[in-house]
Amino acid sequence: MNGDLSFREYERFSAYLDGQLSPEEVSRLEEDLRRNPQWRLALDELRETRALLRRAPRYRAPRNFTLTPEMVGKPARQGFFSFLSARLATGMAAAALVATLLLQFLPALRFAAPMAAAPAPQVVEKAAEMQTVPQETQPAILAPESAMRAAVQPTATAPIIIWNAPGGLGGGSGAPEGYGGEAMKAAGAPSQEGIVTYQQETTAQGMGGGGAEAGASGMATPGEGIVHYGDQPAPGTVPPVVPTEAPSRALTSEATPAEPVEGNGPILGVPASGEAGQVIAALPAPEESERPSAAPLEAPAPFWTPVRVAQAVLLGMAALFAGMAVWLRRKG
Amino acid sequence: MDELALIQEARNGDFNAFNRLVLAYQDMAYHLAMRMLSDPDQAEDVTQTAFLSAYRHLSSFRGGSFKAWVMRMVTNACYDELRRRQRHPSTPLEPLDDDDESIESPSWMADDGLSPEEQLEQKELDRAIQRCLQQLDEEFRAVVIFIDLQGMDYQEAAEILGKPLGTVKSRLARARLKLRDCLHRFWELLPPLLRLNTQRDD
């Protein structure tokens with residue numbers, strides 16, 4: 001019935017009941033009510049609602065709210081300080097967290113620097129030295145242990161050892177079916193980092209053994225860690241999981257091929273029965289005094305570095321301040 | 001009571017002068033807080049906080065109606081409490097007993113000189129109105145409390161709320177419409193004398 005009344009009309013009714021309309025507005029409204037008798041029902045409902053609300057009981061103060069000197073004497077900023085403390089604790093927690101993340105991700109602040117870049121120039125130097133070695137002296141000089149370590153270390157990955165690679169990867173300078181030689185040197189084989197290839201049979205398809213060029217090519221990309229074992233007796237006695245040892249022998253095989261190795265010595269496993277205990281490496285086993293050159297890599301870094309300690313402290317502070325912030329906000 | 005003189009004395013450090021103002025307005029302040037918050041404890045806290053805040057900010061009173069100024073502080077304190085309650089919704093809207101029923105005779109409802117029947121009517125009406133008020137937005141609730149429950153005029157309510165007269169008028173009309181619909185739902189609960197006599201088509 002009253003659905004056709006707009007809110008504007010109800011607003012007029014409300015003001016009319018409170019005597020807030022001007023005499024002209026009152027006359028107009030009363031004229032509207034006469035022409036629209038159904039409006040009167042809406043007006044009456046609103047009038048009764050208003051009357052009901054005005055009959056609602058009033059609450060009286062259960063006690064006096066007068067102030068005492070103690071109440072006024074308390075610093076009014078207690079709430080403010082509480083609010084400020086909550087904000088401060090939140091900010092401190094956030095700052096501690098950010099500092100922790102900065103310590104984690106800013107490389108300049110980390111102590112774990114030996115992981116990466118430093119050895120790289122050393123590799124180039126060693127590679128250059130290797131390239132200047134005359135062909136006839138190569139068997140005698142071969143690759144120093146440290147040179148191979150330098151060649152392999154930068155990759156930070158263990159070299160892949162390929163035994164009896166079909167067709168040979170290295171190949172001599174004239175090897176028609178090999179990958180290596182000049183082609184390898186030219187291409188630089190950048191994607192074959194850490195590959196060590198053992199070739200048991202000395203054939204035209206074998207790798208390496210291509211003279212100085214091949215030897216140089218093998219070392220031309222020392223950083224890639226490619227080591228060719230071609231025309232070289234299989235280092236059956238080479239310990240299977242010593243990546244820094246195998247490459248040193250590999251370099252020796254680049255120069256002058258020795259007698260082919262017969263047998264079926266495994267790559268990384270147990271040597272053939274006939275070769276067990278036989279020393280076939282061109283170089284004598286590195287003395288103990290030489291081994292320490294690889295020690296820095298193998299020595300595990302201490303877990304609690306100063307940065308980690310600082311991170312742990314900062315994380316603890318972040319958790320503490322976050323807890324304080326939550327507590328202060330709940331209290332406030 | 002010369003309010004301006006009391007205010008001036010309070011500004012000069014007369015503690016008792018301000019307390020006389022407190023005594024003059026504490027019922028009104030508590031009633032507003034109670035209707036806004038529907039919680040006696042919170043209403044007490046808010047009232048006390050508002051008077052304390054008024055005393056500390058007395059220097060910011062620039063004249064005019066002290067009643068409007070202090071009631072504005074109470075209103076703002078109620079808004080703050082309602083926002084805090086929204087963040088931590090754990091307080092019941094009205095005093096409940098162990099059976100989750102409204103307390104029949106809360107100590108804070110005291111009307112002297114009423115017969116038991118009249119007291120019952122008052123309780124039922126109070127309960128219905130209080131529930132319907134809680135369904136209003138706080139701005140609408142404040143307007144209808146000032147004008148219908150406390151009997152202020154539009155101008156006074158506008159001054160307390162810091163809103164234009166037209167806004168108060170509009171909010172009041174909307175609040176009354178909503179309360180009309182809400183109170184009809186309590187129709188059977190209201191004592192016969194208090195029932196809305198108008199027949200509705202819906």
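The values are calculated or read from the model by the stated rules, or taken from the named source; none is laboratory data. All figures in this text were calculated on a predicted structure; none of them were measured in a lab. Ideal geometry is used to build each Cβ from the backbone, glycine not excepted, and the neighbour counts take in all protein chains shown. SASA here: full protein model, heavy atoms, side chains in, ligands and nucleic acids out. Shrake-Rupley method; radii C 1.70, N 1.55, O 1.52, S 1.80 Å.
Averaged over its residues, how many other protein chain Cβ atoms are within 10 Å of peptide A:38-50's Cβ atoms?
Across the residues of A:38-50, the mean count of other-chain Cβ atoms within 10 Å is 5.
Given the peptides A:58-71, B:37-50, arrange them by the average over their residues of other C-beta atoms within 10 Å, most packed first.
B:37-50, A:58-71
Stretched out fully, how many nm does the piece from B:Asn76 to B:Arg127 gain, at 0.36 nm a residue minus the Cα gap?
15.9 nm
I'd like the Karplus ³J(HN,Hα) series for the stretch B:20-25: coefficients 6.51, -1.76, 1.60, θ = phi - 60°, whole numbers in Hz, and an x wherever there's a Gly or Pro.
Per-residue couplings from phi come out as 5, 5, 4, 4, 6, 10 Hz.
Which whole number gives the average, over all residues in A:90-102, of C-beta atoms from other chains lying within 10 Å of the residue C-beta?
0
Which peptide among B:113-124, B:164-175, B:77-88 comes first, and what is the full order, when sorted by highest mean count of other Cβ atoms within 10 Å?
B:164-175, B:77-88, B:113-124
Place the peptides B:153-160, A:28-35 in order of packing, highest mean first, counting for every residue the other Cβ atoms within 10 Å and averaging per peptide.
B:153-160, A:28-35
If A:Trp327, B:Trp69 are ordered by their accessible area, calculated over protein heavy atoms with a 1.4 Å probe, which sequence runs from highest to lowest?
A:Trp327, B:Trp69
Shielding of B:21-34 by partners, i.e. mean partner chain Cβ atoms within 10 Å per residue?
So the per-residue partner count for this stretch is 4.
Could you calculate the FRET efficiency of B:Arg185 with A:Trp327 from 1/(1 + (r/R0)^6), where r is the beta carbon distance between them and R0 is 35 Å, rounded to 0.05?
The formula returns an efficiency of 0.25 here.
Go ahead and collect, in residue order, the members of the stretch A:33-47 whose backbone nitrogen is under 18 Å from a label point 7 Å along the Cα-Cβ direction of B:Gln135.
Counting backbone N atoms under 18 Å from the label point, the list is A:45-47.
Give me the one-decimal nm value for the distance between modelled label points at A:Leu103 and A:Arg58, 7 Å along each residue's Cα-to-Cβ direction.
Using points 7 Å along Cα→Cβ, the separation is 6.5 nm.
Distance from the Cα centre of the stretch B:8-60 to that of the stretch B:115-149, in angstrom?
22 Å
How large is the translational diffusion coefficient of the stretch B:1-93 in µm² per second when you combine the Kirkwood radius over alpha carbon pairs with Stokes-Einstein at 10 °C and 1.306 mPa s?
116 µm²/s
Taking both sides together, what accessible area is buried at the A/B interface, probe 1.4 Å, expressed in Å² and rounded to the nearest 100?
For chain A against chain B, roughly 4800 Å² becomes buried.
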